[in-house]
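The structure appears below as structure tokens.
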Protein chains: 2
Amino acid sequence: MANLSEIARLTNVSISTVSKVLNGKGRVSEAKRKEILRVARQLGYTPNYHARSMARKSKILTVGLIVPDIINPFFASLTRGVEKACGEDSLVILMDSFRNLEREEKLIKNARFFGIDGIIIGNSRVSDDLVEEISTYIPVVVFDKFYELDNVVSIVLDNRYGAYMATKHLIENGCKNIVHLGGTHELYVSLERARGYEAAMNEASLKPVVEPVGYNESVGYEGMKRLLELGFQIDGVFCMNDLVAIGAIKALKEKGLRIPEDVAVIGFDNDKELCEIVDPPLSSIHQPVEEMGEVAAKLLFELIKGNSKIKRYVFTPRLVVRQSSLKKVKT
Amino acid sequence: MANLSEIARLTNVSISTVSKVLNGKGRVSEAKRKEILRVARQLGYTPNYHARSMARKSKILTVGLIVPDIINPFFASLTRGVEKACGEDSLVILMDSFRNLEREEKLIKNARFFGIDGIIIGNSRVSDDLVEEISTYIPVVVFDKFYELDNVVSIVLDNRYGAYMATKHLIENGCKNIVHLGGTHELYVSLERARGYEAAMNEASLKPVVEPVGYNESVGYEGMKRLLELGFQIDGVFCMNDLVAIGAIKALKEKGLRIPEDVAVIGFDNDKELCEIVDPPLSSIHQPVEEMGEVAAKLLFELIKGNSKIKRYVFTPRLVVRQSSLKKVKT
């Protein structure tokens with residue numbers, strides 16, 4: 001194994017110059033710098049120990065970010081927000097559970113053996129016991145759920161209010177028979193959205209119909225098709241998310257129904273790319289996902305430093321109106 | 001600061017039992033385990049030093065993954081592939097450059113100070129000098145470009161062949177005036193795709209027209225609009241990627257042109273969600289991005305272990321035909 005003095009001898013510079021160049025520092029001519037790097041490489045110099053000892057000495061924080069699916073634009077945006085807050089001095093260790101709860105819990109449990117300074121759990125499916133246990137070891141930021149634990153901060157979107165807004169918007173556009181294609185019951189988020197929908201319907205003395213379907217296009221398509229075949233009279237649909245709405249639109253079109261003239265449709269998440277490409281462009285509820293990721297990371301840093309006073313941080317969604325929900329009000 | 005013996009005394013167990021529970025090991029009743037964790041938390045026990053020393057002893061590899069934009073589905077899929085290959089024993093440090101080349105080069109340069117074992121650069125924009133320099137310190141896997149360096153492995157899609165296939169498919173469907181809405185010249189990928197297009201056109205004695213536009217929907221829209229306004233007779237468009245194709249389709253529709261009857265369109269990347277939602281569904285060239293990410297990570301591990309014999313790994317794209325390119329051949 002080559003050492004610094006050998007490299008120094010072969011390149012006619014001092015050991016300290018070699019060391020500086022190998023550490024990306026010092027003022028050396030470009031030609032000399034390249035020569036030193038070339039010789040180092042040719043001699044098979046492996047500076048790992050050196051680099052590692054520097055890493056240990058430096059004050060770099062590592063954040064573990066656990067997501068169920070990085071391909072889902074929601075979690076990609078969340079990740080971008082976390083990356084932004086971390087800047088160039090902190091590292092983000094990304095852990096994708098591939099929607100496998102067992103893997104997810106294992107990743108979380110292992111986090112403390114990896115020397116990670118804190119974790120952000122981008123999903124509300126993990127058990128309360130696990131959050132309680134892991135928070136004994138490291139600070140935790142969770143999404144969509146509240147915890148009364150010292151070492152835990154919650155980031156929450158007001159899902160109920162978002163769903164209420166979406167439903168009220170359909171009502172204001174003249175819809176009376178509005179169904180909700182919802183998520184599955186085990187997710188707190190889904191329950192909250194169903195409750196917001198029900199609140200708006202009850203307020204207008206309309207009868208709520210909740211059909212739990214799930215989270216992607218195909219379940220939206222199947223769910224909508226089922227309701228139409230059962231003979232439901234429908235003039236408005238509030239969907240769990242944009243993908244479900246896109247599936248619903250497909251099923252409505254197949255039955256010869258026009259959107260928004262016959263049936264107004266609104267989604268949730270406001271995935272801009274999707275919402276603008278679908279025909280007609282899809283109205284949706286916007287959540288500031290990237291900003292939520294940024295705040296999550298900042299609050300985690302506060303927790304790590306031990307000076308966090310915030311236990312929960314609530315974001316408010318907003319309504320984005322496009323063509324799919326603009327039904328003409330009959331007067 | 002609390003220590004193990006204090007926790008042991010308050011919970012009536014041995015120090016070794018406390019230590020085991022705090023490390024997620026040992027056979028203790030669930031009730032006792034929870035009590036120990038609760039007391040540890042109440043006493044403000046911080047097991048970080050312990051966890052860190054374990055991390056140092058363990059053989060966990062850390063992979064630095066640099067992407068220009070995690071929200072782009074291409075890089076999200078690539079990340080998923082890397083995550084898959086890393087399993088539960090290796091860590092992925094995700095670094096998003098936000099398409100800022102300066103930040104990207106800084107992240108790459110800093111990687112060796114973070115104790116990272118190897119890096120994967122998901123973008124071909126970085127300078128050859130930087131790749132050469134960083135490979136002196138740590139193993140590197142790059143995409144879309146070849147290097148004759150010891151510590152570097154290249155993962156490449158045969159872009160030229162993909163573009164050739166796409167163009168030939170349009171020709172076989174009766175198109176004669178095919179334009180290419182291409183990427184910008186500084187990206188090797190863009191040049192390769194333009195070359196593949198030109199090869200297919202020349203082979204069929206058709207005149208190639210390359211219009212460099214860029215990589216998103218709006219430049220596709222503007223580019224297509226410009227060509228139509230300049231009076232080009234066009235019956236086929238091969239686009240740099242799916243987003244550009246979606247923009248082109250919008251411009252064609254605005255001019256009252258039907259797809260595929262008047263103009264056949266094909267994209268590149270085969271972003272399934274986008275391709276199926278657009279009207280009509282978009283034909284595209286599929287690249288196995290997730291698999292490319294997996295192979296990248298596996299080859300990086302070989303490099304780290306010092307037993308890599310592969311210098312480059314070439315993936316072959318395939319044609320996915322949907323409605324947008326199925327022009328009726330006039331006979």
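The values are calculated or read from the model by the stated rules, or taken from the named source; none is laboratory data. Bear in mind that the values here come from a model prediction, so they are computed numbers and not experimental data. Cβ coordinates were reconstructed from backbone atoms using ideal geometry, including for glycine residues, and neighbour counts include every protein chain displayed. Protein only, heavy atoms only, side chains kept; ligands, DNA and RNA dropped before computing areas. Shrake-Rupley method; radii C 1.70, N 1.55, O 1.52, S 1.80 Å.
Structure notes:
- Residues of the stretch B:21-59 that turn out to be modelled with pLDDT of 80 or more and more than 9 Å from chain A (Cβ to nearest Cβ), as a count: 9
- Among the residues making up the stretch A:87-126, those that are open to solvent by 40 Å² or more (accessible area, probe 1.4 Å) and assigned to a loop (DSSP other than H, G, I, E, B) are A:88, A:89, A:98, A:99, A:100, A:125.
- Inside the stretch A:90-108, residues that are within 20 Å of residue B:113 (Cβ to Cβ) and at the interface with chain B (Cβ under 9 Å from one of its Cβ atoms) make up a count of 4.
- Residue among A:166, A:264, A:251, A:204 that is under 24 Å from residue A:315 (Cβ atoms) and either in contact with a helix residue (DSSP H, G or I) (Cβ under 8 Å, 6 or more places away or on another chain) or in contact (Cβ under 8 Å) with a residue 40 or more places away in the chain (or both): A:166
- Meeting the requirement of 3 or more residues that are over 24 Å from residue B:90 (Cβ atoms), the strands (runs of 3 or more DSSP E) wholly within the stretch B:263-317 are B:264-266, B:284-286.
- Cβ-Cβ under 6 Å pairs, at least 6 apart or on other chains, the stretch B:296-309 side in the same structural domain as residue B:139 (by TED's automatic domain parsing) and β-branched (Val, Ile, Thr), far side open to solvent by less than 70 Å² (accessible area, probe 1.4 Å) and in a loop (DSSP other than H, G, I, E, B): B:304/B:117; B:304/B:139
- Residue count for the stretch A:170-185, restricted to those that are under 23 Å from residue A:214 (Cβ atoms) and in contact with a Ser or Thr (Cβ under 8 Å, 6 or more places away or on another chain): 6
- Scan of the stretch A:181-210 for residues that are part of a strand (DSSP E or B) and in contact with a Lys or Arg (Cβ under 8 Å, 6 or more places away or on another chain), ordered by number: A:182
- Complete set of residues in the stretch A:318-331 that are assigned to a strand (DSSP E or B) and under 24 Å from residue A:235 (Cβ atoms): A:319, A:320
- In the stretch B:247-273, the residues that are of a type in the set (A, V, I, L, M, F, W, C) and either open to solvent by 10 Å² or more (accessible area, probe 1.4 Å) or under 14 Å from residue B:326 (Cα atoms) (or both): B:257, B:259, B:263, B:264, B:265, B:266
- Against the conditions (1) touching a strand residue (DSSP E or B) at 6+ places or on another chain (Cβ under 7 Å); (2) modelled with pLDDT of 85 or more; (3) more than 7 Å from chain A (Cβ to nearest Cβ), residue B:111 satisfies every one except (2).
- Residue within the stretch B:117-127 that is touching a Lys or Arg at 6+ places or on another chain (Cβ under 8 Å), within 11 Å of another protein chain (Cβ to nearest Cβ) and touching a residue at least 12 places away in the same chain (Cβ under 8 Å) present: no
- For residue B:135, the stated conditions do not hold, so it cannot be described as within 14 Å of chain A (Cβ to nearest Cβ), of a type in the set (S, T, N, Q) and open to solvent by 10 Å² or more (accessible area, probe 1.4 Å).
- Checking the stated criteria, residue B:158 turns out not to satisfy the condition of being buried (at least 19 other Cβ atoms within 10 Å of the Cβ) and either under 15 Å from residue B:267 (Cβ atoms) or touching a residue at least 40 places away in the same chain (Cβ under 8 Å) (or both).
- Of the residues making up the stretch B:287-319, those that are surrounded by fewer than 17 Cβ atoms within 10 Å (Cβ to Cβ) and closer than 30 Å to residue B:258 by Cβ are B:318, B:319.
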